[in-house]
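First up is the structure itself, then whatever we jot down about it.
The values are calculated or read from the model by the stated rules, or taken from the named source; none is laboratory data. Keep in mind that this is a model prediction, so the values were computed, not measured. Positions of Cβ are backbone-derived with ideal geometry, glycine not excepted, and every protein chain shown enters the neighbour counts.
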Amino acid sequence: MPAKKPLPAKTAGASAARRPPKRLGLAGRVAMIAVVAAFVAAIAQWVITPILAQGEIRTQREVAVTSGASLLADVARVHAEAGHWSEIPVLVDALSNGLPGGQSAVFGADWALLARDGDPAALPPLRALEALARDPNGILNKGERYYAARPIIAHGKTFGYAVYSFLPRPFVDVWLTVVALNAMVLSLFLLAIAPLVYRLARHALKPVTLLERRIRSRDPKDKSKLADSSDDRLLKPLLTAIDEVHERSEAAMRRALTMAYTDPVTHLPNRLRFVSRLENVVASGQGVHLVICDLDKFRQVNVTYGPHFADKALGVVAERLRATAIAAKLSGFFIGRIGADQFGLLLPSTTDLNAAPFLKAAGAAIGEPIGLEDQVLRVTASFGCSSFPADAPTGPDLLKLAEVALKEAKRGGVQGIAFFDQRLLDKARAQTKLEEEVRVGIERGEFVAVFQPKVKLESGELVGAEALARWRRPDGAIVSPGVFIPIAEELGLIGTLGKQVMRDACFAAAGWNRKGIVSSVAVNVSPHQFDDPDFVSSVFQALDDSGLPPDLLELEITESAAVADADRVARTMWPLRNRGVRLAIDDFGTGHSNFAAITRLPFDVFKIDQQFVRALSTDPHAPAIVEMILAMAEALGQETVAEGVETKEQADFLLRRACTIGQGYYYSPPLPAAEFDAFVRSYRPRPADRFAA
Ligand code: C2E
Ligand code: MG
Ligand code: MG
């Protein structure tokens, strides 16, 4: 293995740069705030003080200049009275040094200059000085300089005038100096006391810091109250509030978790929780049976009674499942609702032998009538079962295999129960492959109609044909509809397939009609085709395109489909019937006859199911059933077609019982369109014998 390269300096530098900046603690932040506040206060003071002090400064300057002038005049007077005139220049010189830019001058009574100090050009004109001397409070402000003049009076006589002036330092200079000094002193001071402030803040905030540390490091399972840990007068209410918020958020979290993992309808664990439980059990290595319990045709309950009623029914089913598991003393069972009409069961440590009786009992319990809102409902369930560790090593795989078993159970497992085994998986894979082939076959138009003649029993004359779908696969194999019709229905492709057969049949029959061969064609219609809103218009389209007169088309609907949703069938069929299309009820006798529904539907033809015809010679009850159906059809004024006529005896019997038309191998098997033409041309009528023994 190559040695690990050290990180390039650049990367190390970059990671250092990415490190989050160190943040100040609480006490540090308080100290920082105190320092900043001190600075802000000082700045405010530096700005405000000069504004407020401006008047005072001016007054001080005026006082200084008038005091200077008065002092000069007083001392000059003393010297004048004493006759010490020579002292006056010394006095002038001494006084002018007293203030910045100080200047003083002494004038005689006639305003002749006696002594002065400083620049004479800086003096105002004499006239201005005379006026200034006359005003006892007078001050002259020339530029930055201040002037004051006072008379020198001794013994009531004016000896002369004393003039004094000074040039104060510009205010801004003074201010900047003060500010600079102030800032320096303040900075030093703050630097010196910042650690102290920090320590004080830390001390003051110690309870809060401790509290913060405690909250952060608290064990989530620790249910003790924070408020109990402190007697601090200020902290106690805060801690109580934190406790309350904590409790509330925990309760909200518990509620959210319950909602996320529980099915609101049955109060059972939902799919999420069920799957997680399954995975936990698998991870623990414990043997378990995974069962998917699927309610049969429960969608119909939703459609018929509405979702509210259906939810209640689901609640009852859930309760029955639970009760059965408890009664069976299954220890450690787990039930969840894993789909709209599906429950999942985990049955630990049981063998197939133990699971089977429980599932039978559960199926029986679910199948008991359910009384709800004055209605009685019957629900049945199918169970698909897979086992760990025998069938699969993971939860998702077990679920998949239980689904495979469930499919088998739905197809006809023993009492709706199927346990997974490898053959089922092979079958499921083959089924998936077949489904794909059917899909492609429909796209490629591999489905065609073959035609089976229908014969008038009495005369043997050909009166029509039934179109039956065949799948001609690319390898030449012919597949019968028992294989592909259920797949096409399940895949939602029966509409497309049905339209192809319908057009084939209409075009073939229109051709025969033009040649005067046979008069009508019957086409089978799947109940799923009624879901297609374009169904009726597609039939009209096929009739129009082929030119087949509508009364030569007969649509066959199985009895079971007709009674399952009689209203819908009637709604769909009436427009067709009104246009002249004939309607036949197919496989009559197999569909739990609902006579009220059947008589409401606009049928013209009864087709007796071939099982009754076949049973004529073997089952002693069959003749009676056939007779009954024929009598009923006669009473309703409907034509009767017997399917599956294979022998002359059957044809004779049917004719004797007033059946009108026969169809079956006795006359001909279903034939491709081209062969059908040849068959018709060579056909010799085979009338049935009404009087045969
Ligand atoms: P079905 O409409 O009752 O058709 C009669 C079935 O009996 C046909 O089976 C036919 O070949 C068969 N048969 C006819 N004479 C005899 C006989 O003498 N003996 C025996 N044992 N059988 C006979 P096939 O063609 O396999 O069709 C089965 C079913 O598939 C049809 O029953 C029909 O319900 C459905 N089917 C066929 N074609 C279509 C179609 O285009 N659309 C729809 N939705 N269903 C179709
Ligand atoms: Mg039929
Ligand atoms: Mg039939």
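Structural remarks
- Scanning segment 204-242 for residues that are of a type in the set (Ser, Thr, Tyr) and either within 13 Å of Ala27 (Cβ to Cβ) or outside any helix (DSSP H, G or I) (or both) yields Thr209, Ser217, Ser224, Ser230.
- The set of residues in segment 505-539 that are over 15 Å from Leu462 (Cα atoms) and either aliphatic (A, V, I, L, M) or within 9 Å of ligand 1 (Cβ to nearest atom) (or both) comprises Ala505, Ala508, Ala510, Val523, Asn524, Val525, Ser526, Pro527, His528, Gln529, Val536, Val539.
- Residue within segment 88-101 that is of a type in the set (Ser, Thr, Tyr), surrounded by 12 or more Cβ atoms within 10 Å (Cβ to Cβ) and at pLDDT 85 or above present: no
- Residues in segment 565-581 that are modelled with pLDDT under 95, outside any helix (DSSP H, G or I) and within 16 Å of ligand 2 (Cβ to nearest atom): there are none.
- Look at segment 598-614: where a residue is in contact (Cβ under 8 Å) with a residue 24 or more places away in the chain and assigned by TED's automatic domain parsing to the domain that holds Lys456 and a partner is assigned to a helix (DSSP H, G or I) and within 12 Å of ligand 1 (Cβ to nearest atom), sitting 6+ places away or on another chain with Cβ atoms under 6 Å, you get Val613/Gln650.
- Tally, over segment 262-283, of residues that are of a type in the set (Ser, Thr, Tyr), surrounded by 20 or more Cβ atoms within 10 Å (Cβ to Cβ) and over 21 Å from Glu319 (Cα atoms): 0
- Residue selected from segment 466-492 under the condition free of Cβ contacts under 8 Å to residues at least 12 places away in the same chain and part of a loop (DSSP other than H, G, I, E, B), by the criterion surrounded by the most Cβ atoms within 10 Å (Cβ to Cβ): Ser480
Each row is one residue, and each column tells you yes or no for (1) assigned to a helix (DSSP H, G or I); (2) assigned by TED's automatic domain parsing to the domain that holds Pro369; (3) without any contact (Cβ under 8 Å) to a residue 12 or more places away in the chain; (4) surrounded by fewer than 22 Cβ atoms within 10 Å (Cβ to Cβ).
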residue	(1), (2), (3), (4)
Val303	yes, yes, yes, yes
Phe309	yes, yes, no, yes
Gly315	yes, yes, no, yes
Arg320	yes, yes, no, yes
Ile326	yes, yes, yes, yes
Gly332	no, yes, no, yes
Phe343	no, yes, no, no
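- Taking segment 88-203 and the strands (runs of 3 or more DSSP E) fully enclosed by it, no element has 3 or more residues that are in the same structural domain as Ala27 (by TED's automatic domain parsing) and free of Cβ contacts under 8 Å to residues at least 12 places away in the same chain.
- Just one of the listed residues (Ala428, Ala365, Ala356) is over 32 Å from the mean Cα position of the chain (by Cα), surrounded by fewer than 20 Cβ atoms within 10 Å (Cβ to Cβ) and without any contact (Cβ under 8 Å) to a residue 40 or more places away in the chain, namely Ala428.
- Taking the criterion of being more than 30 Å from Ala390 (Cα to Cα), without any contact (Cβ under 8 Å) to a residue 40 or more places away in the chain and among the hydrophobic types (A, V, I, L, M, F, W, C), the residues of segment 247-297 that qualify are Ala251, Ala252, Met253, Ala256, Leu257, Met259, Ala260.
- When segment 510-561 is filtered for residues that are within 16 Å of ligand 3 (Cβ to nearest atom) and either charged (D, E, K, R) or outside any helix (DSSP H, G or I) (or both), the ones remaining, listed by number, are Val521, Ala522, Val523, Asn524, Val525, Ser526, Glu554, Leu555, Glu556, Ile557, Thr558, Glu559.
- When segment 448-465 is filtered for residues that are over 9 Å from Ser668 (Cβ atoms), part of a strand (DSSP E or B) and not hydrophobic (A, V, I, L, M, F, W, C), the ones remaining, listed by number, are Lys454, Lys456, Gly464.
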